[in-house]
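One structure is given below, encoded as structure tokens.
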Amino acid sequence: PLVITIDTLSPQRPTIDLLGVDDSGASDLDNVTRQADPVPLTITAEPGSRVFVKDGETVIDDFEMVGASMLFNHSFGDGEYKLSVESFDAAGNRSAQSEVLSLVIDRQAPAAPTAVDLLQSSDTFDNVAGLSGPRGTNSDDITRLSQPALFGLAEANAKVRVYANGALVGQGVVGSDESDTSLGGAIDDNIGIWEITTEPLADGVYAITVELEDLAGNTTLSQTLLTITIDTLSPQRPTI
């Protein structure tokens, strides 16, 4: 006798995902990673089916599923990939395409921030009408505020940590790619503005350094970018 099997059903819809442990940076759900090659991805599909892994419409690998879940290891250069999976069973039925995995590989530390300075409102000075001679200006980085506000330009959406003489005194997030257009930046330059008000600082001179951490978790510690002076004390009472 001849035994045949009739199978007209499509295999289950496969899935592809980045391992949570490899999803580096602040979020383990954004599929942005600095993981070294080969990058492991989890694929689920019907056991015994033939799986085709695609980037966009380009097939980058195919293999037979052994079990319902397998690790797929592949080497990726830095960049963004639109990965999906389809599978074919022994009868040639084709599955629905998996949801697209938007995978971003970023192994490069962000560039050091630029234009780091006190906000004009924090670079204080008293402008007494009719007073001649040298006096404070709003560009000398001397302030009477114990919690001055600083700003700068850096990679859009990166975390920012501000250090004064090596101690962490403030942190925040760089604005979007559009936030620097008011300063003449391009919309697509991947640069944004950040502003951070420091924790209270005692009177003294402080070397300001800024650390950036991008979405993939790459960090850079810049050199000293600014020196500020905190002076909250009134001058001695004058005599005449």
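The values are calculated or read from the model by the stated rules, or taken from the named source; none is laboratory data. Computed from a predicted model, the values in this text were never measured in an experiment. Quick reminder, even Gly has a Cβ in these numbers, built from the backbone with ideal geometry, and neighbours come from all protein chains shown. Side chains included, ligands, DNA and RNA excluded: accessible areas come from the protein's heavy atoms. Shrake-Rupley method; radii C 1.70, N 1.55, O 1.52, S 1.80 Å.
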For this session: Would you mind working out the accessible area per residue for the range 99-240, using a 1.4 Å probe, and quoting it in Å²?
Result: 56
For this session: Return P(r) of the range 1-143 (all Cα-Cα pairs; 5 Å bins starting at 0; whole %; ordered from short to long distances).
Result: 2, 8, 14, 14, 10, 8, 6, 5, 5, 4, 4, 4, 4, 3, 3, 2, 1, 1, 1, 0, 0, 0, 0
Problem set entry | S69-D203 pseudo-label distance in nm [points 7 Å out on the Cα-to-Cβ vector] | 6.3
Exercise. Tell me, what % of the accessible area of the chain is carbon and sulfur with a 1.4 angstrom probe?
Worked result: 52
For this session: Report the calculated FRET efficiency for T232 and Q171 (r = Cβ-Cβ distance, R0 = 30 Å), to the nearest 0.05.
Result: 0.80
For this session: Could you check which residue among A156, A90, A111 shows the biggest mean-square fluctuation in a GNM of the chain with a 10 Å Cα cutoff?
Result: A90
For this session: Report, in debye and to the nearest 20, how large the dipole of the chain comes out about its Cα centre when Lys and Arg carry +1 and Asp and Glu carry -1 on their Cβ.
Result: 560
Exercise. Over the chain, what number does the Rg to Rh ratio reach, with both radii from the alpha-carbon atoms and Rh per Kirkwood?
Worked result: 1.27
Seminar exercise, completed: Given the candidates Q12, Q236, L221, the one whose Cα lies deepest towards the positive end of the charge dipole of the chain, counting +1 at each Lys or Arg C-beta and -1 at each Asp or Glu C-beta, is Q236
For this session: Apply the Kirkwood formula to the range 6-84: the hydrodynamic radius equals the inverse of the mean of 1/r over all pairs of different alpha-carbon atoms; give it in Å with one decimal.
Result: 13.7
For this session: Mark the label point 7 Å from the Cα of R13 along Cα→Cβ and return the residues of the range 27-46 whose backbone N is within less than 16 Å of it.
Result: 44-46
Exercise. If Lys and Arg each add +1 and Asp and Glu each add -1, what is the summed charge of the other residues whose beta carbon sits under 9 Å from the beta carbon of A186?
Worked result: -4
Exercise. How do 211-218, 74-81 rank on mean C-beta neighbours within 10 Å, highest first?
Worked result: 211-218, 74-81
